[in-house]
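Okay, structure first, notes after.
The values are calculated or read from the model by the stated rules, or taken from the named source; none is laboratory data. Please read all numbers here as calculations on a predicted model, not as lab measurements. For neighbour counting, all protein chains shown are included, and Cβ atoms are generated from backbone atoms with ideal geometry for every residue, glycine included. All accessible areas refer to the heavy atoms of the entire protein, side chains included, with ligands and DNA or RNA removed. Shrake-Rupley method; radii C 1.70, N 1.55, O 1.52, S 1.80 Å.
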Amino acid sequence: MLPVLLMEPDSYGKRRRYSEILMEPRRWLQPTLEDVKQRLKEIRNYSLDHLDELVSQLTASLAAYPEVEITFARDAGQAMETIRGIAGGGKIVINKSAVIGSELVPTLVASGYNVIESYYDQFEPFDNRPSEYWQLPVMTFESRFQSFARPVDLATLRSGSIQKNGTKDFLGLLGVNAISAQGTVLMLQHMPNISKVFEQAKELILVAGLDKIVKSLDDAIFQTKCMAIFGSEVLPLTLHGKAKRESSIDELPFEIPPEQTLASIHLILLDNGRSQILQSPYKELLACIDCRACNGACPAYLSDKPLTPSELPLKFRKDLLEIGTDLSESKGDINKPFMSVEAKKDEIWDCTTCGNCNEVCPVGVKHVDTIKALRGSMVMEKAVMPSTVSRTLKSIEDRGHPWRGTTLTRTDWAHGLDIKTLAEDSDTDILYWVGCTEALENKSVNIAKAMGKLFKLAGIKAGILGTEESCCGEPARHLGNEYLFQIQARKNIELMRSYNVKKIVTACPHCYNTIKNEYPDFGGEFEVINHTQFIANLLNEGKLRIHEGERRVVTYHDPCYLGRYNGIYELPRQILNSMSVIFVEMKLNRERGFCCGGGGGHMWLEENHSRRIGEMRFEQAIDTGAQILATACPFCLQMFDEATKAEAVDDSLKVMDIAELIAESTS
């Protein structure tokens, strides 16, 4: 009989030594989070690098189980033919597997099948929203390693139940989490939905994406447990939107006698574009284990927007394969269950490129790079984009900045600060790269003014490019126009070289990240310093002195492009703690910090549906009881300034950049 093992976290079991729960005792004595991630990556990489070999091994192994009927489905269309042939027109009960939900369910529903998702059978209908994500308990690495109950042999469970009760008139369609090359299937459940389907279904179809085949039973068990461990914090989010339960298999009668129930199990091995993705630059997407940790980290998903990061590899597979190709020559049927990228454009533009999905992914899938590639395809190959994107790109091209309609000039902020342009005097200590937002947006010019004051107080001779400064190009790259980005980058590099610029200070993390990490690809090698680094150095050297003042309560928001992209977390806190303030943290901070909603070009995109991300983050700041929300980014400053109006907080919570706070407190 085909071995099908069910893994289930035992929430009542003792917390055993976690070195014995997941890792091989002789290999690891005291596993860390990084140890676990490393082994998981090794398992996934081996599977993807040896797919043909593993498929052959699995096929040979399954020949020993005559009750197993195997179908190799090239695409979702072939899988559907198999399902129709078995299900007829009856009910189909599914689990919460991505391979089922994203690749097969849309077609099943469109074909008129009554699809029941049994996962929610255990929950009473509810009308209220679940708790905000940031209010949920944060699970430590150790707490996730709770003991698992002994795996349940589902085939034996099914056999015993059939003999006792018979079955119910529905087809069980279940996605598997892993399958070993030796023929053992692994499935994971948090609620008793899968075991009930196995016991009660008249017939069973198991569906495994080819990428879920692994080398050994140990690897299959490890991979399945990792799905539970890394996805544990996201579980409450899956209940959102399930206020109405339409049907339950518990309500169905046992009406099929044992003698009319087939003992066979159907196994569909589904390709559906996976083999093509393996040969593409997006191979790493198939390393995904469907833990969905990325969803719980995504501000777009958490604000109820259409984007679901965990579904990127499935929803956009066809589009990724077509990037850089003649779309008219596209071949294959993998597009059948999917919409075109144009139809899913809202999802593409929902991403703020905050990188939190990349941060939490245990196998290192780079969702943001995928989003940027899809945007690039839409903008540069298909010329399909929201009107706000088109206008922003046009403004950069025509004016050298994205702020259409601004009445400010590049140098208005510098009046009275004795700062000259390099054209006037190139003999300076540093180039202050102001950036478009600090120069041209009314709220953010206060950052530039504060920096000008600090340069003067510290005796630093800073110069600016003034009207010669042009957008660093970051918005163009993140909005899909790589060509425009490269034009901007090369132009700026050439200009700075002409002035023999060596050291650059900037208060914009987006400019900082671009000039520091991306300009070198085009020959732009400069020493680039963020303003928090610069201010910290001035304080340490005694060039700035903080005077005592009113002790206000301050919290700090980590800008994504300063923290997550460049690892600068502690310096801003050190600066704040050196001042006369009472510092409090928001619950989501540092690596777990929540985006302001302004990245990825969203400073110039409208959030036309759902909740505004900046307002969600602002609510988190309000929860701290702080009087000042400090940040270190003009984008964040702008987004939170807008949130103050929406939340109607008056002056009870002011939003300020660190440079402004220091300028107020120094002499």
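The heavy atoms of Lys461 present about 90 square angstrom of accessible area, all protein chains included, probe 1.4 Å. Of the Cα atoms belonging to the range 437-516, the radius of gyration and Dmax stand at 13.6, 41 Å.
For the range 469-523, the solvent-accessible area works out to 35 Å² per residue, with a probe of 1.4 Å and every protein chain left in place.
Over the range 457-596, the hull volume per residue, using the convex hull of the C-alpha atoms, is 133 Å³. Between Glu619 and Phe583, the contour length at 0.36 nm per residue exceeds the alpha carbon distance by 11.2 nm. The tail of the calculated P(r) for the range 345-397, taken as Cα-Cα distances beyond 19 Å, holds 34 percent of the pairs. The separation of the range 188-237 from the range 82-122, counted between C-alpha centres, amounts to 16 Å.
Using a probe of 1.4 Å, the accessible surface attributed to Lys91 totals some 70 Å² when neighbouring protein chains are kept in position. Dipole of the range 480-561 computed with +1 at Lys/Arg Cβ and -1 at Asp/Glu Cβ about the Cα centre; of Asn481, Thr514, Thr555, farthest Cα towards the positive end is Thr555. Computed from the C-alpha gyration tensor, the three semi-axes of the ellipsoid equivalent to the range 585-667 are 21, 15, 13 Å, from longest to shortest. The order of Asp169, Asp290 by accessible area, most exposed first and with a 1.4 Å probe, is Asp169, Asp290. When nucleic acids and ligands are ignored and a 1.4 Å probe is applied, Thr107 ends up with an accessible area of around 40 Å².
Over its Cα atoms, what ratio of radius of gyration to 2.2 N^0.38 Å does the range 368-456 give?
Compactness ratio reported: 1.42.
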